[in-house]
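Written out below as structure tokens is the structure these notes cover.
The values are calculated or read from the model by the stated rules, or taken from the named source; none is laboratory data. Quick caveat, the model's predicted, so the values are computed rather than measured. A quick note on method: Cβ atoms are made from the backbone with ideal geometry, for glycine too, and the neighbour counts reach across all protein chains shown.
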Amino acid sequence: MLSFFPNRMVHLDFHTGPAIADVGRDFDPEAFARTFLEARVDSVTLFAKCHHGHLYYDTARPERHPGLPRDLDLLREQVDALHAVGIRAPIYLSVQVDEFAAREHPDWCVVTPDGKIAKRGGPLAAGWHVLDMSSPYQEYLTEQLAEVLAKFAPTDGIFLDMCWDQPSVSKWAVDGMLAREYDPQSPDDRAQYARETAHAYMARFKEMIDAAHPRDVPVGIWFNSRPKTHLEEEIRFLRHIEIECLPTGGWGYAYFPYVARFVRPLGLPTLSHTGRFHTGWGDFGGIKPEAALMYECCSILSQGMASGVGDQLPPRGAPDPAAYDLIGKVYRHIEACEKWVRGAEPVSEAAVLVDPKHGDRPGPEGLGVVRSLQALRVQFDLVSTARDFAPYDLIVVPGSISIDVALCEKLEAFLATGGAVLLSGPAALNADGNPALPSSGIESRGESPFTVTYLRPAPAIATSLPRTDFAVYERGFRMTPAAPGAEVLAQVVEPYFERNYRHFCSHRQTPPAELSAYAAVVRTDRVLTVSFPVFRDYGKHGSAACRKLLGKCFDLLLPDKRIRDDGPTHLEATFVRTPQRAVVHLLSFIPSRRCEEIDLIEDPLPLVDMPLSVRLEREPKRVFLAPEERPLDFTWRDGRAEVVITAFAGHSMVVFE
């Protein structure tokens, strides 16, 4: 058993259908291990059991893949070959997807409320059946896991996949719900039972895995496919976190930064894997551009996480050389960077509140948060309302959050310690439509009757904003200042009328008419309230004026922001710190839509003579660009180190040592 946690991992899918007859024909243990060693990979997740329900080790069980030669113990030879060269080899088992079990025992499958067996894509699709973990299938899977542990423990970790909460109305699930006095007709009760079933088998499997390993040797256990926003509740089942995110495979480029900023304050070792594929899992022959994989892995590194790349081993057992040419190029860069950020922790000045029940997908609100704060270089985490606010200077409350009495008291206490709060749209009001936070110093005049209004900035924030009444595309509420000293930073210009079939003007929204009596942005001391859902507006419509307005807001609430620069809006700048140094990761890539459904990255974008100013706790002795360790001249002024950056590689680290 090797070290508990990797730096550069490959998740080696091996979902191999039973119609393939020559499984492992070209497998060569030495060549297999050498492929990963030369690509600078230090951990490979290997398959004991795939989604087809087949096993790839020496077993008498009938699920053993029919195309795997009887004299080939593929998993054992893979593990031994990797261990011989110092590479970790965690073991993978599929949980709720198992085609062999579904075919042999269709009564073990999930049943949907309309009485159908759950299968992705429908009964005649080339898709997966979903197994019911309240059926005897759980015992069947438990036997498989027990055999894997008996043969391979101590392992470098166990990866259990396809572990989401799965409601079902099978006879097994209905009996289980009735035993707990749940109503199988209730979607909420079905969801609750599914959550309890998942937590029960997670606890069971964790106990089995722990029992098979020495107590003084930590073993990685990961239950994949579960929302990361549940981790505060489910952390008891885990020792580390893994984020599955293939941007071109359906996750998109907004998913990782959203989820990463939620999990990183939890304090567990975390790795995230993207994929080498042009699209998603199982894209044999699909190789993404080097710039794309470089961006994805460097983004992972910038969040203080270990990198992973998803690949699929061809059925005959020989890795694809082109895939490891690509992975090796990227991982050699990651390896060269690691010494400068080993043990680094991201440092955040702002916390954005999120509701875990909304799950991992950011939606327009979350997308607007991530994209705007990244573009404005605000260093931020995403946190639930239960988290401690003390580490932060600013709490951002987007429109998806409702402020109840408990949260109101917590925010007021935070303000009393010198913190600042930004309220966006609906978050500024309670369930009764009144101001949710007394310190906001506003009064609500009810929901705006207009779908689209216009914003006119006051002189205090007008610099760099358009010299026009610019459109606000999401409906807000009518707001006026109510506290002495409340400052109106922007006013609302309302349209002539609400557009409808009886009266409309031109192609889109009604044009602006007169300046109204209502405020769009109000500031009172340490609270700033925006009357419309500004993050949702930016996430849905991408208005540059909206982002610039947010920039003015953050300048007021974070007057000594950690990072300032004159770089392009696509630039991502992330601040991390070790005991020896502070590091700013600079990522300069742009995903672009070049085909119908996929955003692609093919080239890095250079940074030329870009001023960068970073607030530090003390003056550095030297500043340089890593990994090449190129010295940079710097100026120390008012607690800030100021440098000028020219970099062409797409990812650079500015090291303050």
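Among the candidates 429, 394, the residue that is modelled with pLDDT of 95 or more, in contact with a helix residue (DSSP H, G or I) (Cβ under 8 Å, 6 or more places away or on another chain) and crowded, with 19+ Cβ neighbours inside 10 Å is uniquely 394. Would it be correct to say that residue 310 is closer than 30 Å to residue 145 by Cα, out of contact with any Cys (no Cβ under 7 Å at 6 or more places or on another chain), in a loop (DSSP other than H, G, I, E, B) and among the small types (Gly, Ala, Ser)? Spelling it out, it is not the case that residue 310 is closer than 30 Å to residue 145 by Cα, out of contact with any Cys (no Cβ under 7 Å at 6 or more places or on another chain), in a loop (DSSP other than H, G, I, E, B) and among the small types (Gly, Ala, Ser). Test residue 22 against the stated conditions and say whether it is charged (D, E, K, R), within 22 Å of residue 328 (Cβ to Cβ) and either assigned by TED's automatic domain parsing to the domain that holds residue 299 or touching a Ser or Thr at 6+ places or on another chain (Cβ under 6 Å) (or both). The answer is no for residue 22. Please go through region 568-596 and pick out each residue that is more than 19 Å from residue 333 (Cβ to Cβ) and either of a type in the set (S, T, N, Q) or in the same structural domain as residue 305 (by TED's automatic domain parsing) (or both). Answer for region 568-596, where residues must be more than 19 Å from residue 333 (Cβ to Cβ) and either of a type in the set (S, T, N, Q) or in the same structural domain as residue 305 (by TED's automatic domain parsing) (or both): 569, 578, 580, 592. Of all residues in region 34-76, those that are under 19 Å from residue 320 (Cβ atoms), in contact with a His (Cβ under 7 Å, 6 or more places away or on another chain) and not in a strand (DSSP E or B) total 2. For region 542-589, the tally of residues that are assigned to a loop (DSSP other than H, G, I, E, B), over 22 Å from residue 629 (Cα atoms), over 22 Å from the mean Cα position of the chain (by Cα) and of a type outside the set (D, E, K, R) stands at 4. Within region 224-235, if we keep just the residues that are under 20 Å from residue 272 (Cβ atoms) and over 16 Å from the mean Cα position of the chain (by Cα), the residue that is surrounded by the most Cβ atoms within 10 Å (Cβ to Cβ) turns out to be 234. Residues in region 441-468 that are touching a helix residue (DSSP H, G or I) at 6+ places or on another chain (Cβ under 6 Å) and either of a type in the set (D, E, K, R) or closer than 16 Å to residue 522 by Cβ (or both): 461 only.
Part of a helix (DSSP H, G or I), assigned by TED's automatic domain parsing to the domain that holds residue 134 and modelled with pLDDT under 95 - does that describe any residue in region 214-228? Yes, region 214-228 contains a residue that is part of a helix (DSSP H, G or I), assigned by TED's automatic domain parsing to the domain that holds residue 134 and modelled with pLDDT under 95. The number of residues in region 181-214 that are more than 18 Å from residue 168 (Cα to Cα) and among the β-branched types (Val, Ile, Thr) comes to 1. Residues in region 45-69 that are farther than 20 Å from residue 95 by Cβ and crowded, with 24+ Cβ neighbours inside 10 Å: 1 in all. Scan region 274-292 for residues that are outside any loop (DSSP other than H, G, I, E, B), surrounded by fewer than 24 Cβ atoms within 10 Å (Cβ to Cβ) and touching a Leu at 6+ places or on another chain (Cβ under 8 Å) and jot them down. Within region 274-292, 290 is the sole residue that qualifies. A count restricted to region 19-33 and to residues that are assigned to a helix (DSSP H, G or I) and in contact with a Pro (Cβ under 6 Å, 6 or more places away or on another chain) stands at 0. Only one entry in 354, 405, 370, 383 is surrounded by fewer than 22 Cβ atoms within 10 Å (Cβ to Cβ), under 21 Å from residue 426 (Cα atoms) and not assigned by TED's automatic domain parsing to the domain that holds residue 230, namely 405. Count of region 35-60 residues, restricted to those that are out of contact with any helix residue (DSSP H, G or I) (no Cβ under 9 Å at 6 or more places or on another chain) and over 22 Å from residue 276 (Cβ atoms), is 1. Identification of strands (runs of 3 or more DSSP E) wholly contained in region 470-518 with 1 or more residues that are over 27 Å from residue 430 (Cβ atoms) yields 470-472, 487-495.
Of all residues in region 321-348, exactly one satisfies the criterion of being in contact with a Pro (Cβ under 9 Å, 6 or more places away or on another chain), part of a loop (DSSP other than H, G, I, E, B) and buried (at least 18 other Cβ atoms within 10 Å of the Cβ), namely 348.
Taking the criterion of being in contact with a Lys or Arg (Cβ under 9 Å, 6 or more places away or on another chain), of a type outside the set (S, T, N, Q) and assigned to a loop (DSSP other than H, G, I, E, B), the residues of region 395-429 that qualify are 398, 399, 418, 419. Of the residues that make up region 107-130, is at least one of a type in the set (Val, Ile, Thr) and out of contact with any helix residue (DSSP H, G or I) (no Cβ under 9 Å at 6 or more places or on another chain)? Yes, region 107-130 has at least one match.
Listed here are the residues, each with its yes/no results for (1) among the hydroxyl-bearing types (Ser, Thr, Tyr); (2) over 25 Å from residue 526 (Cβ atoms); (3) in contact with a Cys (Cβ under 7 Å, 6 or more places away or on another chain).
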position: 551; (1), (2), (3): no, no, no
position: 567; (1), (2), (3): no, yes, no
position: 586; (1), (2), (3): no, yes, no
position: 599; (1), (2), (3): no, yes, no
position: 611; (1), (2), (3): no, yes, no
position: 615; (1), (2), (3): no, no, no
position: 626; (1), (2), (3): no, yes, yes
position: 644; (1), (2), (3): no, yes, no
position: 648; (1), (2), (3): no, yes, no
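Considering (1) at pLDDT 95 or above; (2) on the phi > 0 side of the Ramachandran plot, the lone condition that residue 121 does not fulfil carries the number (1). Only one entry of 576, 614 meets the criterion of being β-branched (Val, Ile, Thr) and either touching a Pro at 6+ places or on another chain (Cβ under 6 Å) or without any contact (Cβ under 8 Å) to a residue 40 or more places away in the chain (or both), and that entry is 576. Here the strands (runs of 3 or more DSSP E) wholly within region 617-657 that include at least 1 residues being free of Cβ contacts under 8 Å to residues at least 40 places away in the same chain are 623-626, 635-637, 640-647.
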